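Notes follow once the structure below has been shown.
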Amino acid sequence: MAEAADSVVALHATDAATVFLSARARLTEGGPDLIERALYEDVSLVRLLSMRNTLFAVSAELAPHVDCSTARAIAVKERRTLLKHLDEDGQGLDAAWLARAETAVLDALDTHGPSTGGQLSAAVPALRQKITIGRGKKYETEQGVATRVIRLLAADGRIRRDRPRGSWTSSQYRWVHTEPWPALPVAESRAEIARRWLHAYGPATEADLKWWTGWTLTDTRKALAAVGPDQVRLEDGTTALVSPGDTAPEPAPEPWAALLPGLDPTAMGWADRGFHLDPAHRSALFDYAGNIGPTVWWNGEIVGGWAQRPDGEIVWRLLAAPGRAAERAITAEASRLAAWVGAARITPRFRTPLERELVA
């Protein structure tokens, strides 16, 4: 499992099902229970709020680098934002109050064991506190602090997501108390992330890495300089970067078909996806915020999309004409996916026009 995640650096985890379906596409055997064991028993795969302020699942080996290169800065920003809201609310809630609330949450987890957000709110009165965001403004709204406090503790690495209530498609996670990741030099961790990303996604550009990580341009350039990538010329005449020494021709792979979930890393590895996605198909496969939905692939190109209907049937539609061999391979892959998913039902968190059409 860890190797499957490392092969693409990280698996998107905003949608609970994506981790499982992305891993499944890269494993030769094993069902959802294998992935659950990696997440919740072996803890060889962990979820972190990291690149682009998005939830990713990464190997435990890589997690300290992801934490120091990216997640730490996000946690600092999240804490600063919450403290600002507490101060503006005018109830006298401050950093000391927040520290007491966080300690109470950790104590509750030590006492009661793995707990959902609702169970923690029942056990910790401070989590039932409500504050007003944007007081006196058009967007004024009252919010509870439970989700924000729990998110802070997770961002700091003091709690982690454990087995959810319900099936593997559920995002109602239980939380457990854990130890923060060890502190590493930030520059070294960024270089490690850049090195692994180039190995997985090169040829790629500086702009691709900046987008994928969410780093500043300066930090991106420093990380790449530390790696020392080679520059190659692409078929369209432009240049791109690859890992040092990774310039030998790649042997042509065997023909392959894949049904990948929404937000799969292969579809989200580059800012510019023109080499594997016809721009004419973008409106069908992306939602309004730029999140890609479930996709059908043939030999390295997106050729359509797929969905699961309420009765469990996997349905798909081609947006290109890859040929009869491709259709046969895609049909077989859809059957394998249906067997793997079994009785589970998958509704992407970010729904796209084509996915909605197929379900209807």
*Given the structure, is Phe350 of a type in the set (Phe, Trp, Tyr) and out of contact with any strand residue (DSSP E or B) (no Cβ under 7 Å at 6 or more places or on another chain)?*
yes
*Give me the pairs: first residue in the stretch 270-298 and farther than 13 Å from Leu354 by Cβ, second residue assigned to a helix (DSSP H, G or I) and at pLDDT 95 or above, beta-carbon distance under 6 Å, and six or more apart or on different chains, which are they?*
Trp270/Asp208; Ala271/Ala207; Ala271/Asp208; Ala271/Trp211; Trp298/Ala326
*Identify, please: which residue in the stretch 133-172 is touching a Lys or Arg at 6+ places or on another chain (Cβ under 6 Å) and loosely packed, with under 12 Cβ neighbours inside 10 Å and is, among those, farthest from Ser44 (Cα to Cα)?*
Glu142
*Qualifying helices (runs of 4 or more DSSP H) (wholly inside the stretch 32-111; at least 2 residues being modelled with pLDDT under 95 and over 18 Å from Pro180 (Cβ atoms))*: 72-89
*Set Ile74, Ile35: member being in contact with a Phe, Trp or Tyr (Cβ under 6 Å, 6 or more places away or on another chain) and either surrounded by fewer than 19 Cβ atoms within 10 Å (Cβ to Cβ) or β-branched (Val, Ile, Thr) (or both)*: Ile35
_Given the criteria closer than 30 Å to Gln129 by Cα, of a type in the set (Ser, Thr, Tyr) and assigned by TED's automatic domain parsing to the domain that holds Asp162, does Thr81 qualify?_
yes
*Right, Trp175: surrounded by 14 or more Cβ atoms within 10 Å (Cβ to Cβ), under 21 Å from Phe20 (Cα atoms), touching a Leu at 6+ places or on another chain (Cβ under 9 Å) and in contact (Cβ under 8 Å) with a residue 12 or more places away in the chain or not?*
yes
*Any residue at all in the stretch 268-280 that is small (Gly, Ala, Ser), surrounded by 11 or more Cβ atoms within 10 Å (Cβ to Cβ) and at pLDDT 95 or above?*
no
*Report yes if some residue within the stretch 117-132 is loosely packed, with under 15 Cβ neighbours inside 10 Å, touching a Ser or Thr at 6+ places or on another chain (Cβ under 9 Å) and not in a helix (DSSP H, G or I); otherwise report no.*
no
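The values are calculated or read from the model by the stated rules, or taken from the named source; none is laboratory data. All figures in this text were calculated on a predicted structure; none of them were measured in a lab. Please note: Cβ atoms are built from the backbone with ideal geometry, for glycine as well, and neighbour counts cover all protein chains shown.
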